[in-house]
Amino acid sequence: MTAKKQHTKVQLAGNGRVKGYSERLAAKLEEKNNQLAERNEALAKLSTKFGVSENKVASAGPNFFAELKRRNVYKVAIAYAVVGWLIAADRDAGFSIL
């Protein structure tokens, strides 16, 4: 088995295309990691500037219900209830004839 491992290493090292590709890929990966780190730093600065913390836990207090209102959850729930009631009433009226 040792001979096969050594043979594979020699074969990969001898292939210039694979080595060049892996080096270019590693360079691109490092560049993307640096960009991501810079973006994270900028985001951290902005979040501290505006007083936003990443560990903020949503509470079930007034903020939760305000968020539901902002997203129109109440209106949609009422619309679903009305449409469901209309469908049920229509079905009930249709089956009462039979």
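The values are calculated or read from the model by the stated rules, or taken from the named source; none is laboratory data. Quick caveat, the model's predicted, so the values are computed rather than measured. Cβ placement follows ideal geometry from the backbone for every residue including glycine, while neighbour counts extend to all protein chains displayed.
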Margin query: So for the stretch 14-21 (the condition being loosely packed, with under 10 Cβ neighbours inside 10 Å and either small (Gly, Ala, Ser) or modelled with pLDDT under 65 (or both)), does at least one residue qualify?
Written below: yes
Next item on the list: Looking for whichever is modelled with pLDDT under 90 and among the small types (Gly, Ala, Ser) here; the options are ALA77, ALA88, ALA58. Which one fits?
Entry: ALA58
